[in-house]
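Asker: Please see the structure below; I have some questions.
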Amino acid sequence: MADVLALFSLAALLAAAWLFTRLLRPDTRTGALLIVPLLFAAFIVGLGYLLSLAHVLGQLVWWATGSLALLVVLLVPMWLIPAWRAVCFRPLSLPHDIEARIRAAGTRGFDLRLLIVTGCGVALVALLTFIRVLSFEPATVDAMTYHLSRMAQYLQHNSLAPFGAGYWAQELHPKVATILHLYAYLVSEKMANLTQLVQFIAYGAAMLSLYGIARLLGAARRNSVFAALVFGLLIIVIMEAATAQNDLILAAFLSISLFLLLCYRTYSRPLYLVCAALAFSLAAGVKGTVLTALPSLFIVTAAVLLPPLPVRARRDLTIGLGALLLFLLVMTLPSGYLENWQRFGHPLGTLAVRQRHSFTGASPARMLTGGGLNLLRYGCEFLSPDGLPPIAPVLALDRALLLPGHLLQQAGVPLESSIGTRWPFRFQLKDTTIASENTSYWGLLGILLVWPAVFLLLFNRRQSIIMRAFAAAALVFFVVQAFVSPFDLFRGRYFIIGAIFAVPAVAVWPLVPRTLLGRGYLGLAVMLGCLSALSAAVLSHGTSFIPVRFGKVTIPSTFTLDRSSQLVRQYPEMFLLLFEAIVPKDAVVAVDVARPLPEFPFFGEGLTRRIISIVRYTDGRHPIPPEADFLICDEESPYFKNGGDPLLLNHPNLGTILLQSLR
C-alpha cells in the first residue's frame, strides 16, 4: 500500500507542476525545465507546512491526499476555462532543428572535441554519483548529526515543531531542505540513501540554470554548455551531489532565481519576476547562508534592472516585489525564522550561535584584521588539487601550490594564528588531497579556468555590464565570506554559491583559442579537471568504490560494508554493531551527550527506535524520562560513572561514549 501511495503522491505533484508550468507558457525550453522542479519543490514545502500544522507530517496517506487535492485545485479551473485547457493540453513543441544546428556549427572543430571530453567527464561523474546515491547510505557528519536526525524526529513527532534537541543546528536551522529530505524518505519507502537524491537533482538543476544564464548573457550555445559542464566538474559540487545536506539545494534555487531574473530582462514578462521571487524565498528557507549572497545578488539585480527596461517596468517590479514579500511570508518565515524570533528574539537564533559563526559583537578592528587574514587563508584553501588521489606527485603539486602561503607566513603574516578564526588554519591539515564534502573547494578547474576567467572578464570593457556584474559578484561573495565570519575549515561548500556567479565567466572564453599554446592550456585544464572529478567521484573521505591504501590511510570498498558500517564510515571508531545487537528495534533511548552526536544511526532502519535528548540546547539537562530503556552518555554526564558498554573510545571530538541499560 505504501508504494502505491508514494507513486500516487509523486505523480500528482509532478502533474500539477507540469500543468502549471504549461499554463505559465515559459518562452524557452530551459525555462520550462527549471520551473517544473521549482514548482514541484514549492508544492512539497507548502504541503509539509500544512501537514505539520495538522500533526500528520509523517503519514504518507496524508501526503497522497494533499497531492491529489492540489492537482484537483489546478485541474478544475483548467477544465472549466477553455482557453486554459487549450494552453495546458496543447501538443508538446519538441526541437526539430538539432541536425541543422550541428551541421551549421561544424563537427570537427577543437571546440567540439573539447565539449565531447568535458561532456563525457560530467556524464561519467553523474553516473558514478548516481550509483553512490542508490548504493551507499548517507554518512556525512552533518547528515548524521542534524539533517537526517531532525528529519527522523519530525517524522516521529508528525510535526516540524521544536522537539527538544541537544544540538543547536537541529533547533535553529531553516527547514525547507529537511522537508524535501523527509518527502524523499517517505516516498522511497523509508530508504535513507534516497534522501541524497534531492541534492543530486539540485546538481542537474544548477547546471541547467547556468547554461540558461550564460545563454541569456549572450554567450554562444557551445560556450554556455561548456560553462555549465565546468560547474559540474568542480570538486565540492560533486561531493555535495551525493549527500543528504543542503548547500547544493541552496545553490540550485539561487541559480534558478538568477536565470529567471535574466528571463525578465529578455522577455519583459512579470511572470519571471514572480517565479524568481519564489525561487529566492525557497533558497532563504534552506539556510541562513543566503544572507551572505545578498551583496552579490544586489550587484547582479542592479545590472539586470538598468535601463533600457520595458515601458511597464514599474508595474512589473511592483508585482515582483509583492510576490517576493508574499513568498517570504508563506515559504521563508515558516521555515524557522519566525519560530527563532519568537523563541530567541532573533530570526537566526541565539546570540551564542551568531557570535560563534559570525563576527557579531566583534570590534571593527577585529573584523578588519580577521577578514584580511581570512582572504589569504581562503585563497590558500582554493590553491589545492582537490580530488586527485594523494600520491607523491599530487602531494608535491599541493605543496608547490601552497608555497605562496608559506612565504607569507615566513614574512610575518600570521595565517596560522587564531585571529579571526573559528577553527585555526593549519598548513599541515592540507597534506591530503582526498575529496571531502567539508574541506574541498573547486579543485584544479577553479585555479586554471574559473578564477582566471573571472578576472579577465571583470577588466574586459568590451563585455556587457551584466556579464561583468557576475564577475564582480563572484569576487564580492569571496570577500564577504572572509569578513562576515571567522575562518572555518568546513567553508568550502559555501563557495558553491560563489561558483554560481563565477562560472558564467567561463562562457566568455573562446573555445577555440587563437594560438596553439592557448589550445594546449585549455585542453590541459579540462583534462586535469575531468581526472580530478572522476577521482573524487570514485574516492572521497570515507567512501571508495574500490579498496585503497595511501600511507596510513586505508579505505575499504563501500560496496563491501553492511548498512550499519556504511552509516558510520566517517565514524569508523563507533561500535554501532554492538548497539544494534544490544538495543531492541523498538526501544526508547535517552541521550546525554554535550557535543554533536551522530544520532541518526541509532534510530535504526525504518526509524523504529525513539531518541530523546535529555541535554537540551535551550534549557540544559533534564531527568531521564521514565519510558527510556537505554541511555547514551559521555564523560560530562553525571551518569557516566555508572559505566556501560563503550560505543566510542577516546574519540578526538566526542571522547568516550557509553551505552547503559536502564531496565
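Asker: Looking only at residues that are among the aromatic types (Phe, Trp, Tyr) and over 28 Å from residue 169 (Cβ atoms) in segment 209-254, which one is most open to solvent (accessible area, probe 1.4 Å)?
Answerer: To start, the set of residues in segment 209-254 that are among the aromatic types (Phe, Trp, Tyr) comprises 211, 226, 231, 253.
Of the ones still in play, those that are also over 28 Å from residue 169 (Cβ atoms) are 211, 226.
Working: 211: 43, 226: 2 Å².
Residue satisfying both the conditions and the ranking: 211.
Asker: Kindly check whether there is at least one residue in segment 524-532 that is surrounded by 18 or more Cβ atoms within 10 Å (Cβ to Cβ), closer than 30 Å to residue 363 by Cα, among the polar types (S, T, N, Q) and in contact (Cβ under 8 Å) with a residue 40 or more places away in the chain.
Answerer: no
Asker: Going through 163, 130, 136 one at a time, which residue ends up being among the aromatic types (Phe, Trp, Tyr) and open to solvent by less than 20 Å² (accessible area, probe 1.4 Å)? It would help to see each step written out before you state the result.
Answerer: Details: 163 fails: open to solvent by less than 20 Å² (accessible area, probe 1.4 Å); 130 fails: open to solvent by less than 20 Å² (accessible area, probe 1.4 Å).
Selected residue: 136, the only one of 163, 130, 136 that is among the aromatic types (Phe, Trp, Tyr) and open to solvent by less than 20 Å² (accessible area, probe 1.4 Å).
Asker: Of the conditions (1) open to solvent by less than 60 Å² (accessible area, probe 1.4 Å); (2) at pLDDT below 95, residue 122 fails just one. Which one is it?
Answerer: (2)
Asker: For a quick check of your reading of the model, give me the residue pairs whose first member lies in segment 181-199 and is on the phi > 0 side of the Ramachandran plot, whose second is in a helix (DSSP H, G or I), with beta-carbon atoms closer than 8 Å and at least 6 apart or on different chains.
Answerer: 189/2; 189/3; 189/6
Asker: Somewhere in segment 568-580, is a residue surrounded by 13 or more Cβ atoms within 10 Å (Cβ to Cβ), basic (Lys, Arg) and farther than 29 Å from residue 350 by Cβ?
Answerer: Scanning segment 568-580 turns up at least one residue that is surrounded by 13 or more Cβ atoms within 10 Å (Cβ to Cβ), basic (Lys, Arg) and farther than 29 Å from residue 350 by Cβ.
Asker: Looking only at segment 151-184, which residues are within 17 Å of the chain's Cα centre (by Cα) and either outside any helix (DSSP H, G or I) or under 15 Å from residue 610 (Cα atoms) (or both)?
Answerer: 151, 173, 174, 175
Yes/no matrix, rows are residues, columns are (1) open to solvent by 10 Å² or more (accessible area, probe 1.4 Å); (2) not in a loop (DSSP other than H, G, I, E, B):
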| residue | (1), (2) |
| --- | --- |
| 271 | yes, yes |
| 280 | yes, yes |
| 290 | no, yes |
| 297 | yes, yes |
| 309 | yes, no |
| 316 | no, yes |
| 330 | yes, yes |
| 333 | yes, yes |
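Asker: Which one of 540, 557 is more than 14 Å from residue 114 (Cα to Cα), surrounded by 17 or more Cβ atoms within 10 Å (Cβ to Cβ) and hydroxyl-bearing (Ser, Thr, Tyr)? Lay out the reasoning, then the answer.
Answerer: Numbers: 557 fails: surrounded by 17 or more Cβ atoms within 10 Å (Cβ to Cβ).
When all the criteria are applied, what remains is 540.
Asker: Determine, yes or no, whether residue 185 is open to solvent by 10 Å² or more (accessible area, probe 1.4 Å) and aromatic (Phe, Trp, Tyr).
Answerer: Values: open to solvent by 10 Å² or more (accessible area, probe 1.4 Å): no; aromatic (Phe, Trp, Tyr): yes.
So residue 185 does not fit the description; no.
Asker: Somewhere in segment 572-595, is a residue touching a helix residue (DSSP H, G or I) at 6+ places or on another chain (Cβ under 9 Å), of a type in the set (Asp, Glu), farther than 24 Å from residue 135 by Cβ and outside any helix (DSSP H, G or I)?
Answerer: yes
Asker: Then there's this: Condition check: modelled with pLDDT of 85 or more, out of contact with any Lys or Arg (no Cβ under 9 Å at 6 or more places or on another chain) and open to solvent by less than 10 Å² (accessible area, probe 1.4 Å). Does residue 420 satisfy that? Reasoning before the result, please.
Answerer: Numbers: modelled with pLDDT of 85 or more: yes; out of contact with any Lys or Arg (no Cβ under 9 Å at 6 or more places or on another chain): no; open to solvent by less than 10 Å² (accessible area, probe 1.4 Å): yes.
When the stated conditions are applied, residue 420 does not pass them.
Asker: Shifting gears a bit: Out of all the residues in segment 382-417, which are surrounded by fewer than 18 Cβ atoms within 10 Å (Cβ to Cβ) and among the small types (Gly, Ala, Ser)?
Answerer: Result: 392, 396, 400, 411, 412, 417.
Asker: Related question: With a cut-off of at least 2 residues that are of a type in the set (Ser, Thr, Tyr), name the helices (runs of 4 or more DSSP H) lying wholly within segment 448-546. Can you show your working first?
Answerer: On the way: elements: 451-458, 465-484, 495-502, 516-538.
Answer list for segment 448-546: 516-538.
Asker: For segment 1-45, which positions are closer than 14 Å to residue 92 by Cβ, assigned to a helix (DSSP H, G or I) and of a type in the set (D, E, K, R)?
Answerer: If the condition is that a residue be closer than 14 Å to residue 92 by Cβ, assigned to a helix (DSSP H, G or I) and of a type in the set (D, E, K, R), then 22, 29 are the ones that fit.
Asker: A further question on this structure: Output the helices (runs of 4 or more DSSP H) that fall wholly within segment 215-268 and possess 3 or more residues being under 24 Å from residue 27 (Cβ atoms) and in contact (Cβ under 8 Å) with a residue 12 or more places away in the chain, or say none.
Answerer: Numbers: elements: 221-233, 235-241, 247-267.
Per the criteria, 221-233, 247-267.
Residue-wise test of (1) open to solvent by 50 Å² or more (accessible area, probe 1.4 Å); (2) modelled with pLDDT under 95; (3) polar (S, T, N, Q); (4) out of contact with any Cys (no Cβ under 9 Å at 6 or more places or on another chain).
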position: 56; (1), (2), (3), (4): no, no, no, yes
position: 71; (1), (2), (3), (4): no, yes, no, yes
position: 77; (1), (2), (3), (4): no, yes, no, yes
position: 85; (1), (2), (3), (4): yes, yes, no, yes
position: 93; (1), (2), (3), (4): yes, yes, yes, yes
position: 102; (1), (2), (3), (4): yes, yes, no, yes
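The values are calculated or read from the model by the stated rules, or taken from the named source; none is laboratory data. Note that the coordinates shown come from a computational prediction; the quantities given were computed from them, not determined experimentally. Positions of Cβ are generated from backbone atoms using ideal geometry, with glycine treated the same way; all protein chains shown enter the neighbour counts. Areas reflect the complete protein model, heavy atoms only, side chains present, ligands, DNA and RNA absent. Shrake-Rupley method; radii C 1.70, N 1.55, O 1.52, S 1.80 Å.
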